[in-house]
1. In whole angstrom, how far apart do the alpha carbon centroids of the stretch 127-199 and the stretch 321-386 sit?
2. By average Cβ neighbour count within 10 Å, what is the ranking of 221-233, 103-115 from highest down?
3. Between S379 and R310, how many nm apart are label points set 7 Å from Cα along the C-beta direction?
4. Would you work out which of G139, Y112, F102 lies farthest towards the positive end of the dipole of the stretch 73-148? Charges go on Cβ: Lys and Arg +1, Asp and Glu -1.
5. Whose amide H sits under 5 Å from the amide H of T201, counting only residues 5 or more places off or on another chain, with H placed in the peptide plane?
6. Enumerate by residue number the chymotrypsin sites (Phe, Trp or Tyr not before Pro) in the stretch 1-35 meeting two conditions: DSSP loop (anything except H, G, I, E, B), and at most 16 other Cβ atoms within 10 Å of the site's Cβ.
7. Starting from the Kirkwood radius over alpha-carbon pairs of the stretch 191-246, derive D by Stokes-Einstein at 10 °C in a medium of 1.306 mPa s and give it in µm² s⁻¹.
8. Can you give the charge dipole size of the chain about its Cα centre, rounded to the nearest 20 debye, using +1 on the beta carbon of Lys and Arg and -1 on the beta carbon of Asp and Glu?
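Every number in this text was worked out from the coordinates using simple rules, so none of it is lab data. Computed from a predicted model, the values in this text were never measured in an experiment. Quick reminder, even Gly has a Cβ in these numbers, built from the backbone with ideal geometry, and neighbours come from all protein chains shown.
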Amino acid sequence: MFEEKPLITQSEIDSAMDFAVSQILACLPEFTTKFQKPYSENGFYHPIGNDDWTTGFWTGEIWLAYEWANDETLRRAAEIQVEDFLKRINEKHLVDHHDMGFLYTPSCVAAYKLTGSLHGREAAIKAADQLITRFHPIGEFIQAWGPMDEPENYRLIIDCLLNLPLLYWASEETGDPKYHDIAEKHLHTAMANVIREDASTWHTFFFDMKTGAPDHGATCQGYRDASAWARGQAWGVYGSAMAYRYTKEPRYIESFERVLGYYLEHLPSDMVPFWDLCFTDGDDQPRDSSSASIAACGLLEMAKYVDADRAAQYTKLAKQMMKALYDNYAVKDPALSNGLVLHSTYSNHSPYNTCRHEGVDECNSWGDYFYMEALTRLSKDWNPYW
């Protein structure tokens with residue numbers, strides 16, 4: 001399908017990472033005791049407190065930059081942010097939702113893995129403790145948002161597949177199986193329900209509050225319920241790879257291949273999706289470049305577990321996606337943006353969804369983070385934060 005598309009070269013990877021490090025270092029005076037807003041405005045991020053579900057990605061960028069450049073300035077900045085994450089979980093400040101993994105894995109688990117930070121370890125285990133409070137035994141899933149006793153919130157969303165590694169790590173680290181057991185139950189429930197017959201994915205899936213029986217799928221951020229939100233499909237690609245990593249169940253390789261196949265079949269010619277996969281070349285719709293980086297990370301993760309031919313195929317696809325991003329979406333001029341990757345979509349309103357129009361055709365923090373993660377994975381045998 002994309003056989004002739006060019007691959008990113010190691011020199012281009014080096015150039016992209018060197019630029020990312022320079023951008024991050026230039027941002028530190030403003031973004032060490034503060035964090036990035038989830039998306040840029042007119043190309044530039046503004047500082048916020050540690051108040052959003054996305055702030056861990058900025059700290060993750062700093063850690064990836066530290067791995068690349070071995071600059072103690074970066075380490076010190078990341079450690080200051082880890083202290084802020086410990087404060088946040090101790091104070092239970094805006095943590096009553098499922099995104100503990102997005103917050104604490106690229107920030108605090110990363111800190112512990114890279115430097116042995118005991119405060120990083122403490123914060124991440126407390127975050128895992130917080131996450132499992134949202135588990136419903138009736139239905140066997142972790143509720144995404146909202147009060148736990150309301151039927152309209154009795155649902156999971158596909159994004160949570162990337163929150164589960166925090167729980168697997170917590171069991172490995174503490175020896176307590178409770179985190180692992182809840183992660184397994186949520187994983188099996190999610191994978192059984194969010195992937196449709198045609199291998200597209202639901203953004204969100206509801207369950208009966210009394211019986212736990214599967215009820216219906218819907219979207220919040222996709223164009224409409226029956227379409228495939230691009231970032232959700234990318235979470236499915238990476239999440240399926242993580243599902244296999246932690247369970248070694250062959251059915252999750254099959255899930256990965258199905259979800260990936262749908263994603264690839266609905267890409268435009270340059271391999272970077274529009275915000276929903278129902279749109280393609282010629283449609284006057286915004287892109288979501290972050291989805292391409294997420295999918296590339298999933299490809300590179302799964303390449304570690306399959307035979308040599310498939311591993312080569314997955315790595316080639318990832319390199320082609322990263323080449324497209326590097327050539328046509330990556331920031332190259334600091335005067336134009338303090339981010340890394342342009343043309344992402346945080347939340348795009350449509351006549352059929354419930355989300356706000358914000359962060360459309362901008363950089364966003366997870367897009368920048370996963371861009372760096374994919375480049376790092378292509379550069380070495382990376383020890384994942386996830």
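1. After rounding, the separation between the Cα centres reads 26 Å.
2. 103-115, 221-233
3. The two pseudo-label positions are separated by 2.9 nm.
4. Result: Y112, furthest along the dipole toward the positive end.
5. The answer is R196.
6. Sites meeting the loop and neighbour criteria: F2.
7. For the chosen part, D equals 133 µm²/s.
8. Using Cβ point charges on Lys, Arg, Asp and Glu, the chain gives about 580 debye.
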